[in-house]
Amino acid sequence: MPPADEAVLVLNICGTIQPGELPPQLAGLRRYRISPADAAAAPDIMRHHDSLARCQENLRALFADIEANAKAIRRLHILPAVPLSAAVSLGRVHDRQVHPSLTIYDRTDGGYRPALEIK
């Protein structure tokens, strides 16, 4: 049985990560996903300030939802397909005093591997 205190966030903003691409140890965890609502994920998706603002709003809403409805989550594994501006927004909205620890994954030739831990 997967741990109840861990979850996965897939950020399909400038590219897409399919469920089958998740590392096996993450496949059974509760999963959240943020992706563009009115457009396909694409490298130039954040060309307007409004796009970045909506992304940041969605990240804030996700963390608020976790805080309100999934307090048991202590570690959030993040698989990002995001431009740098969205990655910075993730760091700006994350509050280590309130939100789960983050494990950020990097894509390699062999799949995804943990690259950064934020506690």
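The values are calculated or read from the model by the stated rules, or taken from the named source; none is laboratory data. All values reported here derive from a predicted model rather than from experimental measurement. Cβ placement follows ideal geometry from the backbone for every residue including glycine, while neighbour counts extend to all protein chains displayed. Accessible surface is based on the protein model in full, side chains and every heavy atom, while ligands, DNA and RNA are left aside. Shrake-Rupley method; radii C 1.70, N 1.55, O 1.52, S 1.80 Å.
Can you name every residue in segment 31-46 that is open to solvent by 100 Å² or more (accessible area, probe 1.4 Å) and closer than 10 Å to residue 85 by Cβ?
none
When the residues of segment 55-90 are filtered to those that are charged (D, E, K, R) and closer than 20 Å to residue 22 by Cβ, which remaining residue is most open to solvent (accessible area, probe 1.4 Å)?
Result: 74.
Could you tell me whether any residue of segment 40-51 is farther than 15 Å from residue 11 by Cβ, touching a residue at least 12 places away in the same chain (Cβ under 8 Å) and among the hydrophobic types (A, V, I, L, M, F, W, C)?
Checked against the condition, which is being farther than 15 Å from residue 11 by Cβ, touching a residue at least 12 places away in the same chain (Cβ under 8 Å) and among the hydrophobic types (A, V, I, L, M, F, W, C), segment 40-51 yields no hits at all.
Using the structure shown, decide if residue 82 is closer than 15 Å to residue 12 by Cβ and under 13 Å from the mean Cα position of the chain (by Cα).
Here the answer is yes, as residue 82 does meet what is asked.
Within segment 91-119, count every residue that is small (Gly, Ala, Ser) and open to solvent by 70 Å² or more (accessible area, probe 1.4 Å).
Looking only at that region, the number is 1.
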